[in-house]
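The values are calculated or read from the model by the stated rules, or taken from the named source; none is laboratory data. As the structure is a prediction and not an experimental result, all values here were calculated from the model. Glycine gets a Cβ as well: all are built from the backbone with ideal geometry, and neighbour counts include every protein chain shown. The protein model used for the area step is the full one, side chains on, heavy atoms only, and it has no ligands, DNA or RNA in it. Shrake-Rupley method; radii C 1.70, N 1.55, O 1.52, S 1.80 Å.
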Amino acid sequence: MADMVKLFVNGVEVEVEAGKNLIDAIGAVGIEIPHLCYHPALGADGNCRMCLVGIEDGRPPLVPACKTPAMAGMKVLLDAEHIRKIQRDVMELELINHPTDCPVCDQAGECRLQDYYMSYDRRQSRMTVPQVVKGKKMAFGCGVVHDQERCVLCGRCVRFCRQITKTGELGIINRSDDARVNIFPGRPLHNRYALNVVDLCPVGAMTSADFRFQQRVWFLKKSPGVCHGCARGCSITVDHNREKEQEARIYRLRPRHNPLVNGYFICDSGRMSYKAEEEGRLNEARHGRLARSVDQALLAVAEDLAQGGKITFILSPDSSLEQMVTIRALAEKLGATLSGFSDGWIIPGDGDDFLIRDDKAANRAGLELLGIDCSRTGFTAAVEAADLVVNCNNDLGRSLSAEELGQLFQSRRLISFASHRREIDNQAEIVIPVASWSEYAGSVINCQGILQHFPRAVVRNQPPMELVELIARLGSPLQSEADCWQELARLPGLPADPATIPTEGLQLNDNEAAHDQP
Amino acid sequence: MEEVKILSAKFAIKDAHKLKVAKKHGAYATLDKLFAMAPVDVIDEVKRSGLRGRGGAGFPAGVKWGFLPKDTGKPVYLAVNSDESEPATFKDRYILVKDPHLLIEGIIICSYAIGSHDTYIYIRGEYTTQVKALQAAIDEAYKAGYLGDKVAGQDYRIDVTVHRGAGAYVCGEETALLESIEGKKGQPRAKPPFPAVAGLYGCPTIINNVQSIASLPYILDKGADAYRAYGTEKSSGTHLFGISGHVERPGMYELPLGLPLLEVIDTIAGGVWKGRKLKGVIPGGSSTPVLLPEEAKTVTLDYESMAAHKTMFGSGGIVVLDETVDIVALVKNLIDFYHHESCGQCTPCREGLGWMLKLIKKILRGEGSPADIDLLRELCDNIEMKTVCVLSAACTMPVRSYLDKFRPEFEAYVTKTNASPAGLQQE
Amino acid sequence: MSDRSELISTGKPFSFDKKRDAAFEQLSKRYPTRESLILPALWLTQEQEGWVCQEAIAYIADRIGTFASKVYEAATFYTMYHLRPTGRYHICVCRTLSCWLRGKQEIVDYLRNELSLTPGMVSEDGRYSLEEVECLGHCGSAPVVQLNGEFHEDMDVEKLKALLASLQ
Ligand SMILES: Cc1cc2nc3c(=O)[nH]c(=O)nc-3n(C[C@H](O)[C@H](O)[C@H](O)COP(=O)(O)O)c2cc1C
Ligand code: SF4
Ligand code: SF4
Ligand code: FES
Ligand code: FES
């Protein structure tokens, strides 16, 4: 527990964390100090001057809150006329050269300048002289588009590229009101986290070419999620919406602050992974060459399973714990073998020392915790011994070549539950579409041994069936989420109720943390 | 009223910038005494002398040195401020060119006092010939053993490196100067931490103006009392005053502090030129609020009197304005300068000075309204002291003084539709 | 200031000549960090070429081991770095307070009207370029002109004419 100190804000005593800067310390008790340039992940720069607060009996009497540590007995003045005037004045100066093109600006609705204008300024413009003209629609690389005129020169984007990615593509060139953000010609943004500058930018100066003009942000529904791009399992927000009479659609993924996992950021490929939720999806169930309803196809699967013979279930390292445990229960009931073989999901050397991991699966730790064999030899033996293979959404094409797969399933019956269209499934006798991660609720354990639970984000017009439900209907002894968790709770460290998992996740025991390898 | 020759003692001597000549006239004579003293005694002597920083803020030099934390295990740096970019200031360059060894001797004294072994002299980029003269003197001092591993044969190393600026007034601000030495844009740092605690490369650093440093040999040689014999109680010693603008004999004059301003203008600088009348005096560089003739009559050239007259001693750059000066055009000239030189990091200065410039241009063009004058005046208040450094205040303080003291001139521009050609010539 | 973002690419690789190379190495011993070499390296470039091209900025960044964006920042922040070639004679006229009070405008007008020079531009024959600069620290001998770095004090149009005539 951090040291707490008592200080006064507008004469009212509050208890805050000692040593933290005033924005964070006082912010933690719900009092907002406006700020543009300060960002907890990037530190205080002190350039925007929005955060100036008064210190009664202080020397100096006016300080930038972002640069001032909370100290016992301090008398902080926010709600005083002279401080409100400073906030108004600084806002006015922020705005004089701002295009205020909010009606065509992507940031509208989540713009600090707009918000602060409403909270702290609300005056008519007194600017009667021409504004400074700067560059617009500049392609900075990595899908980042920059508008120099909207920029308030807070330097967050520059600091991000220097401090976090250490690639330093951005700079603020010139000086005075000619200062502007730019890339050095021929050296555009070139790092795997570049799109974070779009979130970091407090105004609409950094936009994503992918998201530009797609949707007004106030129409977006924001659901918490966990990125399934790699074993980091970054906390994200899934921004989605169903426009009238249309299919529900994900418009973008954004990082969701999680101090345990990803801080404030996610990688670009994770961010763009929403496209895979929209494209290449398997939509129809099939039996043989004939399209079938899911119910019909499921009936056929049930018949196949009932026939006996040797059965192998293949699990995906991307599946949720709930899915895994449900499948395991069914397999046990049927005397079937299990394999979580997914070597191809691991791309050695692809990870870095920040967020990205070699392992592109979201829940390999879950497979391991459940004791499911993932070895190639185990997989080959199980498949070769089996009469019937049931693939539960494992993209085997990542691990084996088309030839290898062809050979393996030439003389074997294959049933596939798949969220996406995959080559291998052409060989399957029965194929049934299932929900992908944005369409179901579930839990995963990341490479650090952190257990996260996420709710269902997107509900399609015709929602694909969730794997847990499907397996339950095939007779798994685990018939409900509660059943799953009763089973899961037997594992060390796992709770009995996923609702008790904190939003930033639950750190499982140290042994699990030992998974933290590239 | 007479000039004194302490800092400028060797200025008139031919080739005094050369070591041989300088030595003949006493250069480096204090070093034996210096190394026989304890560093803390040197600091005490400087404290007792009352020497105040000559870069503009007038902070007591010895007191500043006392802020250095002890035994941090980090090197202590000395940065000599030779940026000399405040309009109307032209004193340090005389030292650089005419008596650079005085500066080097001062650097040795200061370094020893504060326990520093590495000095950077930050010289403005425009000083092309000056930097050559300075470097030549440093080279000579190295050769003669006054700099390098064993300064004057003592077991004390001092290395001096000249770092050239490249056209940025703001680099005269001490933390911008440090940033510039570190290879960055000259953007002032927020204080605290103060440079004495975390300065150059994050290490304890003392920054002093060229003239402050060059004052040290005299203080060490003749003693604090001898130095205090010049000037006033709180403004001791002498200063290299630069007098420019509308006087008969503009130039640099070394004078004790405390002399009456008007008398200095009249006797030393030959009075307002062409027999014209005085309109105002800028007492200490363009950043200091202007004085009306009646104020100039009572003010003396020292920190206290200037403060009492709601202006500042500043850099000692006195500018005389004759009756023909178009104050509105002058204000435009000033804002133009500060706007051009704003480092651009803080919102109020970056955006505000640009706005002020556009407003004063509008007024000059005869397109302004009384509201524009009020807005200009209000912006001074809105910007001042809300920023990281005081460059913005260096603009707003004088501008406010012109607006307050010469308001009718601004009004004439907005009520008469024709703007004066004197104003427009600047566009 | 004016916008200095636009860099000129020569299309040719840049490197220091022998002399500047040696000077650069010498300088690198004077600073505890490589980034301190940014300003000195830009100066060496300007000394060598008369101006600083896009390739030179990239070269300096790579040679120092820092981001090109940082060298770009410095090159555009500090106005004495010429980001395009100047005339053979680069004339800087101080435009600030004391020089303004003592008639700098006549000098600028002469250069504008008689020599058709525009601040920031190079004359067609490449002979001259003109720049209006801020206080040059010679206010006691205003107005001042700096020609290829040399100071000329107490200037007026007659003296300027004589000065220009003395150039070959
Ligand atoms: C905008 C600005 C410009 C300055 N320019 C100079 C300068 O050119 N030379 C100088 O010595 N001090 C200058 N100063 C003052 C320095 O910040 C600092 O106070 C001084 O160098 C300390 O030395 P001193 O105590 O010996 O005066 C400037 C300050 C500001 C805010
Ligand atoms: S682009 Fe955005 S983040 Fe970057 S400096 Fe401008 S306002 Fe700040
Ligand atoms: S006040 Fe102006 S010059 Fe000083 S730090 Fe702020 S923007 Fe830069
Ligand atoms: S948040 Fe403190 S100055 Fe910007
Ligand atoms: S004003 Fe021109 S040199 Fe100072």
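Data for the structure
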{"read-out": "Selection count, segment B:117-143, where residues are facing chain C (nearest Cβ under 9 Å) and among the charged types (D, E, K, R)", "value": "3"}
{"read-out": "Hits in segment B:327-347 (condition: in a helix (DSSP H, G or I), under 24 Å from B:I282 (Cβ atoms) and within 7 Å of chain A (Cβ to nearest Cβ))", "value": "B:H339, B:H340"}
{"read-out": "In segment A:186-215, residue farthest from C:E55 (Cα to Cα) [restricted to those that are away from ligand 4 (no atom under 16 Å from the Cβ) and outside any loop (DSSP other than H, G, I, E, B)]", "value": "A:D199"}
{"read-out": "Strands (runs of 3 or more DSSP E) wholly inside segment A:47-88 that include at least 2 residues being more than 11 Å from every other protein chain (Cβ to nearest Cβ) and either within 15 Å of A:A25 (Cα to Cα) or of a type outside the set (D, E, K, R) (or both)", "value": "A:52-55, A:75-77"}
{"read-out": "Filter result (acidic (D, E) and closer than 19 Å to B:S116 by Cα) within segment B:37-87", "value": "B:D41, B:D44, B:E45, B:D71"}
{"read-out": "Any hit, segment C:147-168, residues being hydroxyl-bearing (S, T, Y), more than 10 Å from every other protein chain (Cβ to nearest Cβ) and either within 13 Å of ligand 5 (Cβ to nearest atom) or assigned to a loop (DSSP other than H, G, I, E, B) (or both)", "value": "no"}
{"read-out": "Checking B:K91 against (1) open to solvent by 10 Å² or more (accessible area, probe 1.4 Å); (2) within 14 Å of ligand 1 (Cβ to nearest atom); (3) within 14 Å of chain C (Cβ to nearest Cβ), the condition it does not meet", "value": "(1)"}
{"read-out": "Test: residue in segment B:144-155 that is in contact (Cβ under 8 Å) with a residue 12 or more places away in the chain, outside any helix (DSSP H, G or I) and within 9 Å of chain C (Cβ to nearest Cβ)", "value": "no"}
{"read-out": "Exclusive hit being open to solvent by 20 Å² or more (accessible area, probe 1.4 Å), touching a residue at least 40 places away in the same chain (Cβ under 8 Å), more than 14 Å from ligand 5 (Cβ to nearest atom) and among the charged types (D, E, K, R), set C:R112, C:R84", "value": "C:R84"}
{"read-out": "Leading residue by the ranking (most open to solvent (accessible area, probe 1.4 Å)) among those in segment B:359-391 that are over 15 Å from B:F410 (Cβ atoms) and at the interface with chain A (Cβ under 9 Å from one of its Cβ atoms)", "value": "B:M385"}
{"read-out": "Count of residues meeting criterion [within 13 Å of chain B (Cβ to nearest Cβ) and on the phi < 0 side of the Ramachandran plot] in segment C:111-144", "value": "16"}
{"read-out": "Matching residues, segment C:59-98, being in a helix (DSSP H, G or I) and either at the interface with another protein chain (Cβ under 7 Å from one of its Cβ atoms) or closer than 25 Å to B:S287 by Cβ (or both)", "value": "C:A68, C:S69, C:K70, C:Y72, C:E73, C:A74, C:T76, C:F77, C:L97, C:S98"}
{"read-out": "Top-ranked residue of segment A:144-162 - restricted to ones that are within 14 Å of chain C (Cβ to nearest Cβ) and in a loop (DSSP other than H, G, I, E, B), ranked as surrounded by the fewest Cβ atoms within 10 Å (Cβ to Cβ)", "value": "A:E149"}
{"read-out": "Segment B:340-358: number of residues that are under 26 Å from B:V320 (Cα atoms) and more than 16 Å from ligand 5 (Cβ to nearest atom)", "value": "4"}
{"read-out": "Any hit, segment A:452-465, residues being of a type outside the set (D, E, K, R) and in contact with a Cys (Cβ under 8 Å, 6 or more places away or on another chain)", "value": "no"}
{"read-out": "Single residue of segment A:103-143 satisfying the filter (part of a loop (DSSP other than H, G, I, E, B) and acidic (D, E)) that is most open to solvent (accessible area, probe 1.4 Å)", "value": "A:E110"}
{"read-out": "Output for segment A:163-183, where each listed residue is within 16 Å of ligand 1 (Cβ to nearest atom) and outside any helix (DSSP H, G or I)", "value": "A:R175"}
{"read-out": "Residues satisfying the stated conditions in segment C:116-146, i.e. surrounded by 13 or more Cβ atoms within 10 Å (Cβ to Cβ) and more than 11 Å from ligand 5 (Cβ to nearest atom)", "value": "C:L117, C:P119, C:M121, C:V122, C:S123, C:R127, C:Y128, C:S129, C:L130, C:E131"}
{"read-out": "Criterion: more than 16 Å from ligand 2 (Cβ to nearest atom), within 22 Å of B:D326 (Cα to Cα) and touching a Pro at 6+ places or on another chain (Cβ under 6 Å) - qualifying residue of C:C135, C:C139", "value": "C:C135"}
{"read-out": "Total residues in segment A:163-187, condition free of Cβ contacts under 8 Å to residues at least 12 places away in the same chain and at the interface with another protein chain (Cβ under 7 Å from one of its Cβ atoms)", "value": "6"}
{"read-out": "Answer from A:D353, A:D318 - the residue that is charged (D, E, K, R), buried (at least 22 other Cβ atoms within 10 Å of the Cβ) and not in a strand (DSSP E or B)", "value": "A:D318"}
{"read-out": "Check on B:T396, in a helix (DSSP H, G or I) and within 30 Å of A:G171 (Cα to Cα)", "value": "yes"}
{"read-out": "Residue among A:V459, A:V431 that is open to solvent by 10 Å² or more (accessible area, probe 1.4 Å) and either more than 15 Å from the chain's Cα centre (by Cα) or assigned by TED's automatic domain parsing to the domain that holds A:A361 (or both)", "value": "A:V459"}
{"read-out": "Close pairs from segment A:45-63: first in contact (Cβ under 8 Å) with a residue 60 or more places away in the chain and at negative phi, partner basic (K, R) and within 14 Å of ligand 4 (Cβ to nearest atom), Cβ under 8 Å, at least 6 apart", "value": "A:D45/A:R159"}
{"read-out": "All positions within segment A:299-338 that are of a type in the set (D, E, K, R) and under 35 Å from the mean Cα position of the chain (by Cα)", "value": "A:D318, A:E322, A:R328, A:E332"}
{"read-out": "Residue match in segment A:465-487 (condition: in the same structural domain as A:M324 (by TED's automatic domain parsing), surrounded by fewer than 24 Cβ atoms within 10 Å (Cβ to Cβ) and closer than 27 Å to A:K244 by Cβ)", "value": "yes"}
{"read-out": "Failed criterion for C:D21 (all others in (1) closer than 25 Å to A:R175 by Cα; (2) more than 14 Å from chain B (Cβ to nearest Cβ) hold)", "value": "(1)"}
{"read-out": "Residues of segment B:356-392 classified as in a loop (DSSP other than H, G, I, E, B) and not hydrophobic (A, V, I, L, M, F, W, C), total", "value": "8"}
{"read-out": "Residue match in segment B:317-326 (condition: open to solvent by 40 Å² or more (accessible area, probe 1.4 Å) and within 12 Å of another protein chain (Cβ to nearest Cβ))", "value": "yes"}
{"read-out": "Counted residues, segment C:1-46 - those being loosely packed, with under 12 Cβ neighbours inside 10 Å, assigned to a helix (DSSP H, G or I) and not hydrophobic (A, V, I, L, M, F, W, C)", "value": "4"}
